[in-house]
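The values are calculated or read from the model by the stated rules, or taken from the named source; none is laboratory data. What you see is a predicted model, and the numbers here were worked out from it, not measured in a lab. Cβ placement follows ideal geometry from the backbone for every residue including glycine, while neighbour counts extend to all protein chains displayed. Note: accessible area is taken over every heavy atom of the protein model, side chains too, but ligands, DNA and RNA are not part of it. Shrake-Rupley method; radii C 1.70, N 1.55, O 1.52, S 1.80 Å.
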Amino acid sequence: MRILTGIQPSGKLHWGNYFGAMKPIIDLQDKGETFVFVAQYHALTTVHDAAALRQSTLDVALDFLACGLDPAKACLFRQADVPELHELTWLLSVVTPMGLLERCHSYKDKLARGLAASHGLFAYPVLMAADILAYQSDLVPVGRDQKQHVEVTRDIAAKFNQAFGVDVFRMPEPLISETVAVIPGLDGQKMSKSYHNTIGLFEAPKEVKAKIMRIATDSTPLEEPKDPEACRVFALYKLFANAQEQEEMRQNYLRGGYGYGHAKKALFEIYQRTLAPFRERREHLASHLDEVEDILRAGGQKARAEARKTLEKARAAVGLD
Ligand code: ADP
Ligand code: TRP
């Protein structure tokens, strides 16, 4: 089984990215052939600052390795190390109906947020389809907001196979963990860098603590029972906690005599405990950047060889061999 996901280097990664996209694929790396890449070309639809793109590209790679992606098991690479992607994108573009792209929520959302309607932003799902199809991926772990893009990928693959009477592409499935489908941000909306409501995965502990302390809660007095399911602090705590810890926290809420301040402190502590080994590994990697470059380069070569195989089949199918 092939498992693939990409993350855009368009800013610091946050808890939503970690639980929605990174952790699911890291947990799956023993279950199949795993490909993880830094989606630089996608980020270029919104990031027009070369130094920032370079820095974020490195940060995403460091974050994945620090959080436990094992380069001995998974192929970690930069999207831009696979130029074959663009030719495949074109071969897919010619069979992609305009209406399919016009229906994409993500494009409409971006325009609604004030981004300029560029061709790149509009064609973004075709590039994403090429990413997924180039490596013959079976499973694509993503957050719920990306599900439609995987469905579009399936439509495009089917159109291509049908138009040319071939069976070049494997049909991918999105993998969305329902328990963590949408991680709430500090304000209760989806956590997203566009909403300025994120907690960074590797943000300084002092900042994280301050953000947690600012999460709005209701005014139930300390001694009274509280509804855990209506509390944002509990929703975030659950992400880090095991089943027993979740149950203990739920009882704390229901019993009363347990304040939101206590819950916030517990959330900060469990975050710190989870992050401690990740921080240590990240510091080590950040002072051995040559090792990181070797990992990315080797990953790029492996990914490129795979993409080339698919591209050759697609070229032959359309008559470009
Ligand atoms: P952002 O919304 O901050 O711009 P991206 O769109 O770059 O984040 O998302 C990168 C990956 O992280 C995607 O797979 C996306 O589905 C996942 N993701 C982002 N935010 C969340 C969230 N709040 N809950 C679950 N998954 C998320
Ligand atoms: N569009 C995805 C996002 O914004 C990133 C991405 C690009 C991706 N190519 C992909 C995710 C292929 C999964 C598979 O998060």
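A single entry from GLY188, GLY165 fulfils the requirement of being away from ligand 1 (no atom under 14 Å from the Cβ), at positive phi and not aliphatic (A, V, I, L, M): GLY165. Close Cβ contacts (under 9 Å, 6 or more residues apart or on different chains) running from residues in the range 159-172 that are under 12 Å from LEU92 (Cα atoms) to residues that are in a helix (DSSP H, G or I) and open to solvent by 80 Å² or more (accessible area, probe 1.4 Å) comprise VAL168/LYS313; PHE169/LYS313. Of all the listed residues (MET213, MET249), the sole one being open to solvent by less than 40 Å² (accessible area, probe 1.4 Å) and farther than 26 Å from PHE64 by Cβ is MET249. Any chance the range 22-43 includes a residue that's open to solvent by 30 Å² or more (accessible area, probe 1.4 Å), away from ligand 2 (no atom under 15 Å from the Cβ) and not charged (D, E, K, R)? Checked against the condition, which is being open to solvent by 30 Å² or more (accessible area, probe 1.4 Å), away from ligand 2 (no atom under 15 Å from the Cβ) and not charged (D, E, K, R), the range 22-43 yields no hits at all.
When restricted to residues that are of a type in the set (Asp, Glu) and part of a loop (DSSP other than H, G, I, E, B), the range 176-233 contains 6. Consider the range 1-12 and keep the residues that are open to solvent by 10 Å² or more (accessible area, probe 1.4 Å) and within 12 Å of ligand 2 (Cβ to nearest atom). The one that is farthest from the chain's Cα centre (by Cα) is ARG2. The residues on offer are TYR258, TYR253, and the sole one that is assigned to a helix (DSSP H, G or I), among the hydroxyl-bearing types (Ser, Thr, Tyr) and farther than 25 Å from LEU58 by Cβ is TYR253.
One line per residue, one yes/no per condition, for (1) of a type outside the set (Lys, Arg); (2) within 22 Å of the chain's Cα centre (by Cα):
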| site | (1), (2) |
| --- | --- |
| ALA80 | yes, yes |
| GLU87 | yes, no |
| LEU111 | yes, yes |
| GLY114 | yes, no |
| ALA117 | yes, no |
| GLN136 | yes, yes |
| PRO141 | yes, yes |
| ARG144 | no, yes |
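Taken over the range 190-209, residues that are surrounded by fewer than 12 Cβ atoms within 10 Å (Cβ to Cβ) and not basic (Lys, Arg) amount to 3. The residues of the range 149-169 that are in contact with a strand residue (DSSP E or B) (Cβ under 9 Å, 6 or more places away or on another chain) and open to solvent by 40 Å² or more (accessible area, probe 1.4 Å), listed by number, are GLU151, ARG154.
Against the criterion of being touching a residue at least 60 places away in the same chain (Cβ under 8 Å), buried (at least 19 other Cβ atoms within 10 Å of the Cβ), within 16 Å of ligand 2 (Cβ to nearest atom) and farther than 21 Å from LEU100 by Cβ, ILE183 qualifies. What do you reckon, is LEU101 touching a strand residue (DSSP E or B) at 6+ places or on another chain (Cβ under 9 Å) and either away from ligand 1 (no atom under 13 Å from the Cβ) or in a helix (DSSP H, G or I) (or both)? Considered against the rule, which asks whether it is touching a strand residue (DSSP E or B) at 6+ places or on another chain (Cβ under 9 Å) and either away from ligand 1 (no atom under 13 Å from the Cβ) or in a helix (DSSP H, G or I) (or both), LEU101 comes out as no. Right, GLY68: at positive phi and more than 16 Å from ligand 1 (Cβ to nearest atom) or not? Spelling it out, GLY68 is indeed at positive phi and more than 16 Å from ligand 1 (Cβ to nearest atom). The residues of the range 76-98 that are open to solvent by 10 Å² or more (accessible area, probe 1.4 Å) and either outside any helix (DSSP H, G or I) or of a type in the set (Phe, Trp, Tyr) (or both), listed by number, are ARG78, PRO83, TRP90, VAL94, VAL95, THR96, PRO97. Pull up the range 45-69, narrow it to residues that are open to solvent by less than 50 Å² (accessible area, probe 1.4 Å) and not aliphatic (A, V, I, L, M), then point me to the one that is farthest from ILE295 (Cα to Cα). Residue satisfying both the conditions and the ranking: THR45.
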